[in-house]
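This report concerns only the one structure given below.
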Amino acid sequence: MFSNEIYKKQNGFVFVVLSWITAFLFLLLLIIIFMPGQISYPGFLENYADFLSMFIGWLCVIGFVGFPLSLSLYKGMKNLYVKSALKLEDNKIIYNKQASYEWSAVGRIDEKHNFCISKVNNYVVSKRWIKIDGQIEKTIINKDRHLDTKEVSSVKIARAFDTDQKIIEFLQKSK
């Protein structure tokens, strides 16, 4: 099942770092807005005042846009991973990935991709992903209807589940 602690340390780490950086820039924007007459440049930077004003302005725009964007990316990916599952059954890795879950004009879109990994040829474990190459069966399910089943050669599994370590140990033993 999904683990918030693992997600923050592994797959969601990029979004957490972006959120902190853009939060700092957003605070800088608020300081510039609410204290416009009190900001002055040191004497040796007077010749570069226009450049510094433009630079600070761009940083603030990045903070103003980037902060909500990084938070929404963090939350959006987390919501998909909460509805996903990763487990080990009968020497097979089962990854039920929530591909999309959103509302549209015609109703709720609920699409899942179920991966059944029966044979592992190669794998790579990074901070954010476990990439597995091998014999993998992918089933696409839309609103509880099986749409398609096909063989794929690789799958990327997000490092956001409490079974990550168990899967990595299984992959190491299977080599």
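The GNM of the chain, with springs linking C-alpha atoms under 10 angstrom apart, assigns the highest mean-square fluctuation among Phe67, Phe55, Phe115 to Phe55. Within the same chain, aspartates and glutamates fewer than 8 places from Lys75 are excluded, and of the rest, none has a Cα less than 13 Å from its Cα.
Distance distribution P(r), the chain, all Cα-Cα pairs, bin width 10 angstrom from 0: 9, 27, 25, 16, 12, 8, 3, 0 percent.
Can you give the relative contact order of the chain as a percent, counting alpha carbon pairs under 8 Å and 6+ residues apart?
23
Comparing Ile130, Ile157, Ile33 in a Gaussian network model of the chain where C-alpha atoms under 10 Å apart are linked, the largest mean-square fluctuation is found at Ile33. Exposure proxy for Ser126, Ser3, Ser104: other Cβ atoms within 10 Å of each Cβ, ordered fewest to most, give Ser104, Ser126, Ser3. Within the range 85-174, the proportion of C-alpha pairs whose separation exceeds 18 Å stands at 45%.
Among Phe51, Phe15, Phe24, the largest mean-square fluctuation in a Gaussian network model of the chain, built with springs joining Cα atoms closer than 10 Å, belongs to Phe51. By the rule of a C-alpha distance below 19 Å, with chain neighbours fewer than 8 residues away ignored, the aspartates and glutamates paired with Lys138 are Glu89, Asp90, Asp110, Glu111, Asp148, Glu151.
Throughout, read-outs are computed from the coordinates displayed, never taken from laboratory work. Bear in mind that the values here come from a model prediction, so they are computed numbers and not experimental data. Here Cβ is always computed from backbone atoms with ideal geometry, including for glycine, and neighbour counts include all displayed protein chains.
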